[in-house]
Amino acid sequence: MKVTDHFKNANGKTLFTFEILPPLKGENMRTLFSHIDPLMEFNPPFIDVTYHREEYVYKQRENGLLEKITTRKRPGTVGICAAIQNHYKVDTVPHLICGGFNKEETENALIDLHFLGIDNVLVLRGDCVKSEQRFVPEPGGHNYATELIEQVVNMNNGVYLDDEQAYHNGTGFCIGVAGYPEKHFEAPNLKSDLRWLKKKIELGADYIVTQMFFDNQKYFDFVNRCRAEGITVPIIPGLKPMTTKTQLTLLPSLFHIEIPCDLAEAIEDCPDNKAAAQVGVEWAIQQSKELMEFGVPCLHYYSMGKSDSVRKVAEALF
Ligand code: FAD
């Protein structure tokens, strides 16, 4: 079922959903299910599965020269989505990125998803490869999420790359996109970022999921600005309970977000990570309660491969 239909069927009740990372290469589905199992009693109508692009590593050969190897540490998004749907009978939302794909490969991935009975995709540009400074599209690939949305919408209308004529059957994907309450780090200003966000909706995106934020006011302001720009689709808040002291500096550097002073000081004062995780859970519960009162259709938690804290938050709310 489409994500937007889940929202309609909820009749104003706030839903619980979460995002998981594919396990590291070499792990198996048991590892993944052990992260998901503790969260299933809170009835998530769908689970997001992230996509991780290739990285370059250098291995020293016997002759001393370095060999460049392309590797993906967390492959398997498509298979994992199918396995989750089959095992738990819940919908999945695979993340689909521009980076590393040309248009043909994107079309083939979407055809696979369609055959597997997956009705949703979160369409993203993706970040640059770790060793590069800026995002470089694949030859014959897409530069921005806007272009990838156009391809998905074409396929929804039965138009594939090899034919201008509409085929009989379209794919029918519900399309989610990313939004940034604290601005995407490359955007010159929030207004410009919102202009492109609006473009993504005009092209056919059905809902927005936000980058994580720790200050609800940033989300409220973002929603107000989106509505003022004429963006009417659901805007799903993305939340992450902080779990370690290191995340105090790691999360801002990775995701270009701010940690409010009160939270930062409380985490700094914690003697260890156990105490920090407790502070993180309490903060996320307060954030979630306020967002529920605001009437958000869904609270979406970034588990980042660990379910303990998300479970504690869900236990307090759902
Ligand atoms: P875009 O919407 O393409 O925007 C990129 C930048 O270009 C922005 O600054 C925007 O203002 C500007 N822009 C947009 N369209 C245009 C245009 N047509 N012309 C000119 N400028 C434009 N990354 C992964 O690799 N895998 C994941 O699974 C993943 N999941 C994510 C889930 C969520 C909810 C979020 C918020 C992010 C996720 N990311 C993921 C990270 C995301 O890929 C990066 O933030 C990336 O840098 C931008 O992706 P985007 O889709 O927002 O890009």
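Here, each number is a calculation from the coordinates, and none is a lab measurement. Since this is a predicted model, take the numbers as computed values, not measurements. Neighbour counts run over all protein chains shown; Cβ positions are idealised from the backbone, glycine included.
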**Complete:** When segment 112-140 is checked residue by residue, the ones that are of a type outside the set (D, E, K, R), in contact (Cβ under 8 Å) with a residue 24 or more places away in the chain and more than 16 Å from the ligand (Cβ to nearest atom) are His114, Leu116, Gly117, Pro139, Gly140
**Item:** Every residue from segment 89-104 that is more than 9 Å from the ligand (Cβ to nearest atom), crowded, with 20+ Cβ neighbours inside 10 Å, of a type in the set (Val, Ile, Thr) and free of Cβ contacts under 8 Å to residues at least 60 places away in the same chain
**Value:** Thr92
**Asked** Here is a list of conditions, (1) farther than 27 Å from Val177 by Cβ; (2) in contact with a Cys (Cβ under 9 Å, 6 or more places away or on another chain), and Thr71 meets all of them except one; can you say which number that is?
**Response** (2)
**Request:** Sort out for me the strands (runs of 3 or more DSSP E) sitting completely within segment 207-318 that have 1 or more residues that are among the β-branched types (Val, Ile, Thr), within 16 Å of the ligand (Cβ to nearest atom) and touching a Pro at 6+ places or on another chain (Cβ under 6 Å).
**Result:** 207-212
**Request:** Could you tell me which numbered condition Tyr160 fails, if it satisfies all but one of (1) part of a loop (DSSP other than H, G, I, E, B); (2) buried (at least 17 other Cβ atoms within 10 Å of the Cβ); (3) within 16 Å of the ligand (Cβ to nearest atom)?
**Result:** (3)
**Asked** For segment 166-182, what are the residues that are in contact with a Gly (Cβ under 7 Å, 6 or more places away or on another chain) and within 16 Å of the ligand (Cβ to nearest atom)?
**Response** Ile175
**Asked** Out of (1) in contact with a Lys or Arg (Cβ under 9 Å, 6 or more places away or on another chain); (2) on the phi < 0 side of the Ramachandran plot; (3) surrounded by fewer than 21 Cβ atoms within 10 Å (Cβ to Cβ), what's the single condition that is false for Pro234?
**Response** (1)
**Prompt:** Among Asn143, Asn86, Asn63, which is within 11 Å of the ligand (Cβ to nearest atom), surrounded by fewer than 20 Cβ atoms within 10 Å (Cβ to Cβ) and of a type outside the set (A, V, I, L, M, F, W, C)?
**Reply:** Asn143
**Fill in**
Ala166 vs (1) in a loop (DSSP other than H, G, I, E, B); (2) under 21 Å from Met1 (Cβ atoms); (3) among the small types (Gly, Ala, Ser): all pass except (2)
**Request:** Take segment 99-151 and flag every residue that is among the hydroxyl-bearing types (Ser, Thr, Tyr) and under 17 Å from Thr50 (Cα atoms).
**Result:** Thr106
**Request:** Residue by residue through segment 8-35, note down the ones that are over 30 Å from Ser131 (Cα atoms), of a type in the set (A, V, I, L, M) and surrounded by fewer than 21 Cβ atoms within 10 Å (Cβ to Cβ).
**Result:** Ala10
**Request:** Go through segment 113-128 and give me each residue that's surrounded by fewer than 17 Cβ atoms within 10 Å (Cβ to Cβ) and either within 15 Å of Ile97 (Cβ to Cβ) or under 18 Å from the mean Cα position of the chain (by Cα) (or both).
**Result:** Asp127, Cys128
**Prompt:** Can you find even one residue in segment 165-172 that is in contact (Cβ under 8 Å) with a residue 12 or more places away in the chain and within 30 Å of Arg134 (Cα to Cα)?
**Reply:** no
**Complete:** Sole miss for Lys191 among (1) within 9 Å of the ligand (Cβ to nearest atom); (2) surrounded by fewer than 18 Cβ atoms within 10 Å (Cβ to Cβ) is condition (1)
